[in-house]
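Report on the following structure.
The values are calculated or read from the model by the stated rules, or taken from the named source; none is laboratory data. Since this is a predicted model, take the numbers as computed values, not measurements. Note: ideal-geometry Cβ built from the backbone for every residue, glycine included; neighbour counts use all protein chains shown. Please note that ligands, DNA and RNA were not included when accessible areas were found on the heavy atoms of the full protein model with its side chains. Shrake-Rupley method; radii C 1.70, N 1.55, O 1.52, S 1.80 Å.
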Amino acid sequence: MASMFGSVFCSGSVYRALHRALHRRLAPGVCVQGAARIQSVRAATNDSQPEEKYCLELVRSRDYDGFVSSLLLPEEARRSSLALRAFNVELAQVKDSVSQKTIGLMRMQFWKTAIEEIYRDDPPSQPVSAELWRAVRKHYLTKRWLLRIITEREKDLDDRAYRNLQELEAYSENTQSSLIYLLLECLGIKDVHADHAASHIGKAQGIVTCLRATPYHSSRRKVYLPMDICMLHGASQEDFIRGSREQNVRDVAYDIASQAHVHLEHARSFSRNVPAAATPAFFQTVVLEDYLQRVRRADFDVFSPSLQNRNPLLPFQMYLRSWKKTY
């Protein structure tokens, strides 16, 4: 893994462990290819403009899994992917960073205006906007997907639980799936099978993100899990706020995780028809699969300490998936 990412994101014992794993388990030719690619990553990082560095650091600190998957993209799409993910991070953190909905709405309006200005070739003087403008010009990105992400994030400022699983899926489609559609455009992919796979992967990602963030939200006395499933199993919001590990709380997690798994399986059902060049947009499936496996091993206890730490082997597993060109 060191030959792939080097000092860009690996450090300490994790860096050394992945370095050993890569050289022990992969063929020499793979290491040579990885060494060549890390040089391009380092060169891009050293020579990048302040706006690019800002996006890179923002994504690395706030969306580490997305950061790793971006580095695995072909060089011509890597910078644009980081710009899109930085844009997504900017929107995602609005909800948690404002104390009043009005302030959140003002920030969302800024981004709506920024998108319009970007498509008029007059982006505002803001790092993410500048990088997003570059990506739009390079890949002719569809404005509709960008605006749809903003609109859905804006609606989510209401700060309430999803009424049902379908509402969570709709939110995930409009945010996570839209982001993947844009990543496919960065890769130059226009394929209906890839779009179908992207739709299901985005829904799975939104569902997993909601489930995975439950301990964090509960610590702030907030619960966003679908109310219909909670009611079905007799689990109250207070059960989650106090970190209950009772069976009814686990049953809620089981139902939600199962739906995410269904979407992953649906996405993979298109794999024979999805162009190999589209698979780099789908590397997040490694992260989703890892969490679903770990929550299953924890008997669907979302508050289990075993789920609170990041799997240090995920970058290595994502690299293997990129080498195999599968998702």
Suppose every K and R has +1 on its Cβ and every D and E has -1 on its Cβ; what is the size of the dipole of region 282-327 about the Cα centre, in Debye to the nearest 20? 240 debye
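In the calculated pair distance distribution of the chain, what percentage of Cα-Cα distances lie above 27 Å?
Numbers: 24330 of 53301 pairs.
Pairs farther apart than 27 Å: 46 percent.
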Considering the dipole of the chain built from charges on the beta carbon (Lys and Arg +1, Asp and Glu -1) around the Cα centre, which of L320, A298, S199 is farthest to its positive end? L320
Where does region 275-315 land on the Kirkwood hydrodynamic radius, alpha-carbon pairs, in angstrom? 11.5 Å
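Against the globular-protein guess of 2.2 N^0.38 Å, express the Cα radius of gyration of region 125-173 as a ratio, rounded to two decimals.
1.48
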Taking the Cα atoms of region 90-247 alone, what are Rg (to one decimal) and Dmax (as a whole number) in Å? 17.6, 55
Note: R120 to S271 extended length (0.36 nm per residue) minus current alpha-carbon separation gives 50.6 nm
Would you mind computing, in nm to one decimal, how far apart the modelled labels at R220 and E238 are, each placed 7 Å from Cα along Cα→Cβ? 2.3 nm
Between the residues S244, H139, Y162, the Cα farthest towards the positive end of the dipole of the chain, that dipole coming from +1 and -1 charges on the beta-carbon of Lys, Arg, Asp and Glu, is from H139
Can you compute the equivalent ellipsoid semi-axes for region 146-193, i.e. the square root of 5 times each eigenvalue of the Cα gyration tensor, sorted largest first and rounded to whole Å? 25, 12, 6
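Which whole-number percentage describes the relative contact order of the chain, with Cα contacts under 8 Å and a sequence gap of 6 or more? Mind dumping the intermediate values first?
Details: 411 pairs, mean separation 52.3, N = 327.
16 percent.
If K53, K190, K112, K325 are ordered by their accessible area, calculated over protein heavy atoms with a 1.4 Å probe, which sequence runs from highest to lowest? Don't skip to the answer; put the middle values down first.
Values: K53 95, K190 200, K112 55, K325 125 Å².
Ranked from most to least accessible, the order is K190, K325, K53, K112.
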If you count only protein heavy atoms and use a 1.4 Å probe, how large is the accessible surface of M231, to the nearest 10 Å²? 150 Å²
Ordered by residue, what ³J(HN,Hα) values in Hz, to whole numbers, does region 206-211 give under the Karplus form 6.51 cos²θ - 1.76 cosθ + 1.60, where θ = phi - 60° and Gly and Pro are x? x, 5, 5, 4, 4, 5
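Need one word for region 242-327: rounded, prolate or oblate. Basis is the Cα gyration tensor (sqrt eigenvalues a ≥ b ≥ c); a/c below 1.5 gives rounded, then a/b vs b/c decides.
Working: a/c = 4.10, a/b = 1.79, b/c = 2.30.
Verdict is oblate for region 242-327.
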Roughly what would the spin-label model give for Q166 and R310, points 7 Å off Cα along C-beta, in nm? 3.7 nm
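Calculate the dipole size of the chain relative to its Cα centre from +1 charges on Lys and Arg beta carbons and -1 charges on Asp and Glu beta carbons; express the result in debye to the nearest 20.
Working: 45 positive and 37 negative charges, 194 e Å.
Around 940 debye, computed over the chain.
Restricting to DSSP H runs of at least four residues, report the calculated mean residue ellipticity at 222 nm for the chain, -39500 (n - 2.57) per run over all residues, nearest 500 deg cm²/dmol. Before the final figure, lay out each step's value.
Values: 19 runs with 227 residues, N = 327.
Calculated at 222 nm, the ellipticity per residue is -21500 deg cm²/dmol.
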Excluding ligands and nucleic acids, what accessible area in Å² is computed for S178 using a 1.4 Å probe, to the nearest 10? 0 Å²
Might you work out the accessible area of D299 for me, using a 1.4 Å probe with all protein chains in place, and round it to the nearest 10 Å²? 80 Å²
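Short version: what are the Cα gyration tensor semi-axes of region 103-188, square root of 5 times each eigenvalue, largest first, in whole Å?
On the way: eigenvalues 122, 60, 12 Å².
In descending order, the three semi-axes are 25, 17, 8 Å.
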Would you be so kind as to identify which of S269, I256, Y224 lies farthest towards the positive end of the dipole of region 221-280, taking Lys and Arg as +1 and Asp and Glu as -1 on Cβ and the Cα centre as origin? S269
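Let me spell out the model: positive unit charges on the Cβ of Lys and Arg, negative unit charges on the Cβ of Asp and Glu, origin at the Cα centre of region 233-327. What dipole size does that give, in debye rounded to 20? All intermediate terms of the calculation are to be shown ahead of the outcome.
Values: 12 positive and 10 negative charges, 127 e Å.
Roughly 620 debye, rounded to the nearest 20.
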P(r) for region 75-152: what percent of alpha-carbon pairs falls in each 5 Å bin, starting at zero? 3, 16, 27, 26, 16, 8, 3, 1, 0
Per residue of region 289-302, what does 6.51 cos²θ - 1.76 cosθ + 1.60 with θ = phi - 60° give for ³J(HN,Hα)? Whole Hz please, x for Gly and Pro, Karplus curve as stated. 4, 4, 5, 4, 5, 5, 5, 5, 5, 8, 6, 6, 8, 5
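Quick check: convex hull of the Cα atoms in region 181-270, volume per residue, rounded to a whole Å³? Write down the numbers at each step before the final one.
Details: hull volume 8.8 nm³, N = 90.
Spelled out: Cα convex hull of region 181-270, divided by residues, is 98 Å³.
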Suppose R0 equals 51 Å; then what is the FRET efficiency for R297 and T102 from their Cβ-Cβ distance, rounded to the nearest 0.05? 0.70
